[in-house]
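For reference, the structure is listed below as structure tokens.
The values are calculated or read from the model by the stated rules, or taken from the named source; none is laboratory data. Keep in mind the model is a prediction, meaning the values are calculated, not measured. Cβ placement follows ideal geometry from the backbone for every residue including glycine, while neighbour counts extend to all protein chains displayed.
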Amino acid sequence: MGQRGLESGRVVMNRNPVDLHNEAQHVVDDLRARAAEKNVLLEIDVPEGLVASADADRLQQVLYNLVENAIKYGRNDGRVRIGARLLEGQSKVEVRVEDEVVVLGLLPLGLLHAARQL
């Protein structure tokens, strides 16, 4: 997000269909070396083909920051999981980042709307 967006309090969301499994995989791939330094296992618990209407850049930024913090502040030999699921009976998706004890981030349900599940 640019400085202008921060100062104005307005953030423009560029929503498009986003494959949540692929976004999670990109974050895991980007942080794999950092996780290995602390012997942290990175896991993905996102159904393949789960698609949501979201801003891919913002989603990846949030996931990256949450996973990076879990690695940095978590214990050695730990585990960090990115998870997502379609909420039953709703057209919304829950996305979360967890370590072995605490859910570190839960994206607001209004942020992501399920486009479809393949």
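Values as computed for the structure displayed
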| quantity | calculated |
| --- | --- |
| Contacts under 7 angstrom Cβ, first residue in region 88-106 being under 15 Å from Glu68 (Cα atoms), partner part of a loop (DSSP other than H, G, I, E, B) and at pLDDT 60 or above, 6 or more apart | Asp99/Gly74; Asp99/Gly78; Glu100/Gly78 |
| Asp30 vs. criteria more than 13 Å from Val95 (Cα to Cα), at pLDDT 90 or above, charged (D, E, K, R) and crowded, with 18+ Cβ neighbours inside 10 Å | no |
| Test: residue in region 45-58 that is surrounded by fewer than 18 Cβ atoms within 10 Å (Cβ to Cβ) and closer than 20 Å to Asp99 by Cβ | yes |
